[in-house]
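> Quick one: structure below, then a few questions.
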Amino acid sequence: MQRIYQGAVAAKRLRPDAAQAALVQRLDALAVRLPAYDGELRVYRKQRNEIEEERRTALRGLEKETEAFTAAELRFEEELKSLRRPRKPKGLYIHGGVGTGKTALMDMFYDNTPLEAKRRVHLHDFFLDVHQRIHAWKQRPLPVDEEDEVAVDESEGAPPPRVFHPALAAEDQRPDSPAQRILRRQRRPESDGIAAVARELAAAHTLLAFDEFVVTDVVDALIMRQLFEAMLRAGMVVVATSNTNPEDLYKGGLNYPYFAPFLDVLRRHTATFDMQSDCDYRLLSAGAQARYLTPITSETREAADEAFAALADGAAVAARDLKVAFGRTLRVKHASGRRVCRFDFEELCGDREPVMGAPDFQALCAEFDAIVVDNTPVLGEKDHNLARRFVMLIDQMYDHDVALVLSAAAPPRKLFARVAGWEDASGDAAPEDDGALLSVKEMRTVNLRLALTLILSRPQPLTLILLVSVTSKAAKRAVSRIMEMTGGA
């Protein structure tokens, strides 16, 4: 990796940077270690699975709570303890200002790590996948002949509880019957699903690379400790980039004390690397043809029409429905095949139903090569929900390499200046604050009880999104990315 980085610097695709060079050295060492570790981990898991399978077979033929059963249990426990667990290399949590090269260097590391069991994903997309997996797990009945961990745990203590169901025959009402085991599986708490999904993910991916590690969703925050601890203890290595120091993740968020233990998990399994660079290299190279149209006038509207027509390249434009997570559909009023779609800002980021979120933006970015966004306003001091959705949309488009054409009322920085606290209503500059602009208690405009009622009354299970204000760092990142994507000034 160091040779590739030095070649990029020599070719002037990158500028010499001490922080980047130090990070390349750390990532290169990890890239060299991972293939051997992956092989050791596969051998360890194979041996452990063989012992576990032999254990299940042997114990199935023995009566529980007998000397023979206890002796067999102890023998298999000793065999499991005798296995040599491979020494796992620490991952990396890379944080620093926008445009300092974090994502570019992580991509260089990811592309040049000779490993099949790896995955690079945006944190939004990762949690969409996790919640869908948990939902699917809760729908699956437990196979009657499977002795899983919960069934074994139940056998070690009190008899399993009986779940009454009027449709069951008398013999199926017994606590130890197969039908009762299936019912208990269906009624297990979600924490069991989190553990099961964590095992699935760890088995599939030795390396998990996250871009833009930022936590804003209360549901994600509440399950992070259990999910990540299970994945990391199972052998997964995590590399992540973020604009946020790990100690500041989700700071001031709803139910923060439940999230805080995740930081201990992160410290144990990753080393922290601070890029320590104030230069935004993306802005230095933003010389592409401008696709940022401001202010909103008849001329810029005409320019947006021309851009949309050019991107459509003569293909028919029509409305279409797009499948979204959890069986939902998203109506796209203006779409040209899979090339380009067009929305008004209010449709994408506004508060009118149907309100869009990460699943909708993910579906759009997976389907289209370009998105035209019309009539982007200057966000006011109370437009925190609109700003949060806008940042989420830009992150998704940037991560999926989707082209952006944006018509807006002002230059990029001005769009976020008030909502991010960079200037007050009079237009005067305000002191910069890299933390959350408002705590949940200070959000007088948000009726949380009404919001929760609306979310819980939906017929489809949706990811619950925390209603929090956009942070100054997230807004800075969005401005930088908009300028890079559009050439906007």
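> Among the candidates 80, 92, 74, single out the residue that is open to solvent by less than 30 Å² (accessible area, probe 1.4 Å) and under 30 Å from residue 57 (Cα atoms).
Working: 92 fails: under 30 Å from residue 57 (Cα atoms); 74 fails: open to solvent by less than 30 Å² (accessible area, probe 1.4 Å).
Within the list 80, 92, 74, the selection yields 80.
> Look at residue 342 and say whether it is open to solvent by 10 Å² or more (accessible area, probe 1.4 Å), in contact with a helix residue (DSSP H, G or I) (Cβ under 8 Å, 6 or more places away or on another chain) and within 26 Å of residue 408 (Cβ to Cβ).
Working: open to solvent by 10 Å² or more (accessible area, probe 1.4 Å): yes; in contact with a helix residue (DSSP H, G or I) (Cβ under 8 Å, 6 or more places away or on another chain): yes; within 26 Å of residue 408 (Cβ to Cβ): yes.
Judged against the criteria, residue 342 is a match.
The rows are residues; the columns are (1) outside any helix (DSSP H, G or I); (2) of a type outside the set (D, E, K, R); (3) open to solvent by less than 10 Å² (accessible area, probe 1.4 Å); (4) touching a residue at least 24 places away in the same chain (Cβ under 8 Å).
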position	(1), (2), (3), (4)
221	no, yes, yes, yes
225	no, no, no, yes
239	yes, yes, yes, yes
265	no, yes, yes, yes
273	yes, yes, no, yes
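> Does the stretch 47-63 include one or more residues that are free of Cβ contacts under 8 Å to residues at least 12 places away in the same chain, under 25 Å from residue 116 (Cα atoms) and loosely packed, with under 14 Cβ neighbours inside 10 Å?
Yes; the residues of the stretch 47-63 include at least one that is free of Cβ contacts under 8 Å to residues at least 12 places away in the same chain, under 25 Å from residue 116 (Cα atoms) and loosely packed, with under 14 Cβ neighbours inside 10 Å.
> For the stretch 95-128: of the residues being of a type in the set (A, V, I, L, M) and open to solvent by 20 Å² or more (accessible area, probe 1.4 Å), which is modelled with the highest pLDDT? Show your work before the answer.
Residues of the stretch 95-128 of a type in the set (A, V, I, L, M): 98, 104-106, 108, 115, 117, 121, 123, 128.
In the following step, the residues that additionally are open to solvent by 20 Å² or more (accessible area, probe 1.4 Å) were identified as 98, 104, 108.
On the way: 98: 67, 104: 84, 108: 92.
The qualifying residue modelled with the highest pLDDT is 108.
> Now, a different point. So which residues in the stretch 10-38 are farther than 18 Å from residue 111 by Cα and either among the basic types (Lys, Arg) or open to solvent by 30 Å² or more (accessible area, probe 1.4 Å) (or both)? Give the steps one after another, and end with the answer.
Taking the stretch 10-38 and keeping what is farther than 18 Å from residue 111 by Cα, we get 10-12, 15-19, 22.
Within the stretch 10-38, 10, 11, 12, 15, 16, 18, 22 meet the criteria.
> Filter the stretch 390-420 down to residues that are within 17 Å of residue 210 (Cα to Cα) and of a type in the set (D, E, K, R), then give me how many there are.
Total meeting the criteria: 3.
> Something else now. Within the stretch 237-257, can you find the residues that are out of contact with any strand residue (DSSP E or B) (no Cβ under 6 Å at 6 or more places or on another chain), at pLDDT 90 or above and farther than 14 Å from residue 473 by Cα?
Passing the criteria: 247, 256, 257.
> Scan the stretch 389-422 for residues that are basic (Lys, Arg) and part of a loop (DSSP other than H, G, I, E, B) and jot them down. Talk me through it step by step, then tell me what you get.
Step one: filter the stretch 389-422 for residues basic (Lys, Arg), giving 389, 413-414, 418.
Result: 418, single match.
Condition check ((1) at pLDDT below 95; (2) crowded, with 21+ Cβ neighbours inside 10 Å; (3) closer than 18 Å to residue 121 by Cα) across all residues:
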| position | (1), (2), (3) |
| --- | --- |
| 346 | no, no, no |
| 349 | no, yes, no |
| 358 | yes, yes, yes |
| 363 | yes, yes, yes |
| 374 | no, yes, no |
| 382 | yes, no, no |
| 387 | yes, yes, no |
| 390 | no, yes, no |
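> In the stretch 293-330, what residues are of a type outside the set (Asp, Glu) and either closer than 30 Å to residue 137 by Cβ or touching a Pro at 6+ places or on another chain (Cβ under 7 Å) (or both)? It would help to see each step written out before you state the result.
The initial filter retains those residues of the stretch 293-330 that are of a type outside the set (Asp, Glu), namely 293-298, 300-301, 303-304, 307-312, 314-320, 322-330.
Correct list: 294, 322, 323, 324, 325, 326, 327, 328, 329, 330.
> Can you tell me which residues in the stretch 359-385 are in a helix (DSSP H, G or I) and either in contact with a Phe, Trp or Tyr (Cβ under 8 Å, 6 or more places away or on another chain) or within 24 Å of residue 318 (Cβ to Cβ) (or both)? Quick ask: steps written out before the conclusion?
Taking the stretch 359-385 as the starting set, the residues that turn out to be in a helix (DSSP H, G or I) are 359-367, 384-385.
Residues satisfying the conditions are 359, 360, 361, 362, 363, 364, 365, 366, 367.
> I would also like to ask the following. Answer yes if at least one residue in the stretch 172-179 is at pLDDT below 90, farther than 30 Å from residue 77 by Cβ and surrounded by fewer than 18 Cβ atoms within 10 Å (Cβ to Cβ), and no otherwise. Spell out the reasoning first.
Looking only at the stretch 172-179, we keep the residues that are at pLDDT below 90, and these are 172-179.
Of the ones still in play, those that are also farther than 30 Å from residue 77 by Cβ are 172-173, 179.
This time we only want the ones that are surrounded by fewer than 18 Cβ atoms within 10 Å (Cβ to Cβ), so: 172-173.
Checked against the condition, which is being at pLDDT below 90, farther than 30 Å from residue 77 by Cβ and surrounded by fewer than 18 Cβ atoms within 10 Å (Cβ to Cβ), the stretch 172-179 yields at least one hit.
> Then there's this: Is it the case that some residue within the stretch 416-438 is open to solvent by less than 20 Å² (accessible area, probe 1.4 Å) and at pLDDT 90 or above?
Here is the first cut: in the stretch 416-438, the ones open to solvent by less than 20 Å² (accessible area, probe 1.4 Å) are 416-417, 419-420, 422.
The next check asks that each one be at pLDDT 90 or above; those that pass are 416-417.
Among the residues of the stretch 416-438, at least one is open to solvent by less than 20 Å² (accessible area, probe 1.4 Å) and at pLDDT 90 or above, which makes the answer yes.
The values are calculated or read from the model by the stated rules, or taken from the named source; none is laboratory data. Not measured: the values here are computed from a predicted model. Backbone-built Cβ (ideal geometry, glycine too); neighbour counts: all protein chains shown. Surface areas here come from the heavy atoms of the whole protein model, side chains and all, with no ligands, DNA or RNA. Shrake-Rupley method; radii C 1.70, N 1.55, O 1.52, S 1.80 Å.
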